[in-house]
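To start, the structure under review is shown below, and the notes come after it.
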Ligand code: AMP
Ligand code: ZN
């Protein structure tokens, strides 16, 4: 499995425009874009513009970014009209979770009934 560094990070390249993406929302701190391989009718990724490998790398004094990501998710759920039907937020962290891209990202999955677990 390829290991993404900051210099060779696919999501950093999406942020700086080197790789195209289907943007849903953007502000100075975060970017949201459609997952290239959707597992549901709605599958969006929300990422901070600053590179962190995972939640483990975010120090206590920078945790505001996580609240900002969640505020962004609420806004997208409202704007795209799936907040009433419900949705799922997934953050895969590390090897056992199968995290492939080593730039923290929150999946938003919506648009159908989701199986659990
Ligand atoms: P994870 O397994 O949590 O690391 O998920 C990584 C996600 O990134 C997968 O759902 C991929 O489909 C998605 N992905 C990888 N490359 C791209 C890309 N260039 N544009 C959009 N989504 C991508
Ligand atoms: Zn990155």
Problem - Checklist (1) surrounded by 11 or more Cβ atoms within 10 Å (Cβ to Cβ); (2) in contact (Cβ under 8 Å) with a residue 12 or more places away in the chain; (3) in a helix (DSSP H, G or I) applied to residue 66, failing item - result: (2)
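Are any residues in segment 23-37 surrounded by fewer than 16 Cβ atoms within 10 Å (Cβ to Cβ) and within 13 Å of the chain's Cα centre (by Cα), and if so, which ones? Give the derivation first.
Step one: filter segment 23-37 for residues surrounded by fewer than 16 Cβ atoms within 10 Å (Cβ to Cβ), giving 23, 26-29, 34, 36-37.
Passing the criteria: 23, 26, 29, 34, 36.
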Exercise for the section: Considering each residue of segment 45-63, count those that are touching a helix residue (DSSP H, G or I) at 6+ places or on another chain (Cβ under 7 Å) and outside any loop (DSSP other than H, G, I, E, B), and give that number. Expected result: 3
Fill in the blank from the handout: The one condition residue 23 fails out of (1) in contact with a strand residue (DSSP E or B) (Cβ under 6 Å, 6 or more places away or on another chain); (2) farther than 23 Å from residue 94 by Cα; (3) in contact (Cβ under 8 Å) with a residue 24 or more places away in the chain is (3)
Fill in the blank from the handout: The one condition residue 13 fails out of (1) closer than 21 Å to residue 93 by Cβ; (2) within 15 Å of ligand 2 (Cβ to nearest atom) is (1)
Exercise for the section: Could you please let me know if residue 83 is without any contact (Cβ under 8 Å) to a residue 40 or more places away in the chain, touching a helix residue (DSSP H, G or I) at 6+ places or on another chain (Cβ under 6 Å) and away from ligand 2 (no atom under 16 Å from the Cβ)? Expected result: yes
Completion exercise
Note: among 42, 30, just one is in contact (Cβ under 8 Å) with a residue 24 or more places away in the chain and touching a helix residue (DSSP H, G or I) at 6+ places or on another chain (Cβ under 8 Å), namely 30
Practice task
Scan segment 98-107 and give yes if some residue there is surrounded by fewer than 12 Cβ atoms within 10 Å (Cβ to Cβ) and within 16 Å of ligand 2 (Cβ to nearest atom), otherwise no.
Solution key: yes
Exercise for the section: Go through segment 43-62 residue by residue and tally those that are more than 10 Å from the chain's Cα centre (by Cα) and either within 12 Å of residue 104 (Cβ to Cβ) or within 13 Å of ligand 1 (Cβ to nearest atom) (or both). Expected result: 11
Problem - Flag if residue 117 is in a loop (DSSP other than H, G, I, E, B), more than 12 Å from the chain's Cα centre (by Cα) and within 11 Å of ligand 1 (Cβ to nearest atom) - result: no
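Values quoted throughout were computed directly from the atomic coordinates according to the rules given, and no laboratory measurement underlies them. Just so it is clear, the structure is predicted and the values come from calculations on it, not from any experiment. No Cβ is skipped: glycine too gets one built from the backbone with ideal geometry, and neighbour counts run over all protein chains shown.
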